[in-house]
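Read through the structure below, which is laid out as structure tokens, and then see the notes.
The values are calculated or read from the model by the stated rules, or taken from the named source; none is laboratory data. Here the structure is a predicted model, which is why all the values come from computation and not from measurement. Note that each Cβ is placed from the backbone with ideal geometry, even for glycine, and that neighbours are counted across all protein chains shown. Keep in mind that these areas ignore ligands, DNA and RNA; they rest on the heavy atoms of the full protein, side chains included. Shrake-Rupley method; radii C 1.70, N 1.55, O 1.52, S 1.80 Å.
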Amino acid sequence: MNPPDNDVLWARGLRHTHDRSPALLGVSLGVREGEILGVLGPHGAGKTTLLRCLSGELLPEQGEVWFNSSPVHTLGATARERLRRERFGWIDSSPQLLPELTVRENAALPLLLCGVPYRTARADAQEWLDRLDIGGAARKRPGRLLQAERQRVAIARALVNRPSVVFADEPTAPLHRADRAQVLRILTSAARSHGITVVLASNEPEVVSLADRVVTLVDGRFTAGMPQQEREDADSCSASV
Ligand SMILES: Nc1ncnc2c1ncn2[C@@H]1O[C@H](COP(=O)(O)OP(=O)(O)OP(=O)(O)O)[C@@H](O)[C@H]1O
């Protein structure tokens, strides 16, 4: 079966174990272009493993991942790394910013790694920082910012090269309730206005409530919220392995 044309990401029959502990047990899904997909599930459900497989960071033991109708699971490590650098953005629960660089240099990093000239990268990074309301801190070092401000810089960095897909893994986990709502609004509205697809994983229903669609992962399998066709595909994949 080939991926549908309108799915930017498509996965079928993903299975993976970490140190003999099963993390994914036959997961299939499609993500439409520009969609914000919430992946909800308790701790240990396999959310991070799923996002790592979808982004090409981790090769699943079984199953297929396709991006824009091209296979990711058959690419070598270098090609997958390039795909992640050029087409994907990643936001973690704790913003991993480089302390020696300024906020603006941190936000510009994905562009610099893709060979964009320094001045252009700096200007683009400043634009995103301004959009995310953190432009005034551009010359500061990350250590001088609050956690919620650092997370906004991480969002700017994830969006600066206009990726096709942003993977956000518990992006609000370390934040206070008020900061959470604000960071989520910023992320989703920036993605929507630029047509960027987001896969947003969390164990909290309120975090994924801004998504267009929510799938629920429990013990490495999807449960409620999964379209019938995908559930049938997952079942047939699970049954066949
Ligand atoms: N690098 C690893 N080594 C060993 N086991 C791992 C590793 N990564 C994940 N696991 C295990 O795989 C299962 C799924 O983990 P995963 O991190 O994907 O779930 P999660 O839903 O993201 O959980 P959380 O919400 O706690 O981050 C868990 O049982 C976890 O302990």
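Restricting attention to segment 50-74, report how many residues are out of contact with any Gly (no Cβ under 8 Å at 6 or more places or on another chain) and without any contact (Cβ under 8 Å) to a residue 60 or more places away in the chain. Steps first, answer last, please.
Step one: filter segment 50-74 for residues out of contact with any Gly (no Cβ under 8 Å at 6 or more places or on another chain), giving 50-52, 54-61, 66, 68-71, 74.
Filter once more, so that each one left must be without any contact (Cβ under 8 Å) to a residue 60 or more places away in the chain: 52, 56-61, 70-71, 74.
Matching residues across segment 50-74 total 10.
Within segment 14-37, take every residue that is of a type in the set (S, T, N, Q) and modelled with pLDDT of 95 or more and give me the one that is least open to solvent (accessible area, probe 1.4 Å).
If we filter segment 14-37 for residues that are of a type in the set (S, T, N, Q), which is where we start, we get 17, 21, 28.
Next, only the ones that are modelled with pLDDT of 95 or more stay: 17, 28.
Values: Thr17: 50, Ser28: 4 Å².
Checking each candidate, the answer is Ser28.
Any residue in segment 7-28 that is at negative phi and acidic (Asp, Glu) sitting within a Cβ distance under 8 Å of a residue that is open to solvent by 10 Å² or more (accessible area, probe 1.4 Å) and not in a strand (DSSP E or B)? List the pairs, counting only those 6 or more apart or interchain.
Close Cβ pairs (under 8 Å, with a partner that is open to solvent by 10 Å² or more (accessible area, probe 1.4 Å) and not in a strand (DSSP E or B)) amount to Asp7/Glu33.
Run Ala138 past the list (1) open to solvent by 20 Å² or more (accessible area, probe 1.4 Å); (2) more than 16 Å from the ligand (Cβ to nearest atom) and report the number of the one that doesn't hold.
Ala138 satisfies every listed condition except (1).
I want to confirm something. Restricting to segment 50-59 and keeping residues that are buried (at least 23 other Cβ atoms within 10 Å of the Cβ) and of a type outside the set (A, V, I, L, M), which single residue is farthest from the ligand (Cβ to nearest atom)?
So, considering only residues that are buried (at least 23 other Cβ atoms within 10 Å of the Cβ) and of a type outside the set (A, V, I, L, M), the one farthest from the ligand (Cβ to nearest atom) is Ser55.
Quick check on Ala201: is it part of a helix (DSSP H, G or I), modelled with pLDDT of 90 or more and surrounded by 21 or more Cβ atoms within 10 Å (Cβ to Cβ)? Give the steps one after another, and end with the answer.
On the way: part of a helix (DSSP H, G or I): no; modelled with pLDDT of 90 or more: yes; surrounded by 21 or more Cβ atoms within 10 Å (Cβ to Cβ): yes.
Taking the combined requirement at face value, the residue does not satisfy it.
Applying the selection to segment 81-112, what residues are over 19 Å from the mean Cα position of the chain (by Cα) and surrounded by fewer than 14 Cβ atoms within 10 Å (Cβ to Cβ)? Reasoning before the result, please.
Of the residues in segment 81-112, the ones over 19 Å from the mean Cα position of the chain (by Cα) are 98-105, 112.
Those that are over 19 Å from the mean Cα position of the chain (by Cα) and surrounded by fewer than 14 Cβ atoms within 10 Å (Cβ to Cβ): Leu98, Pro99, Glu100.
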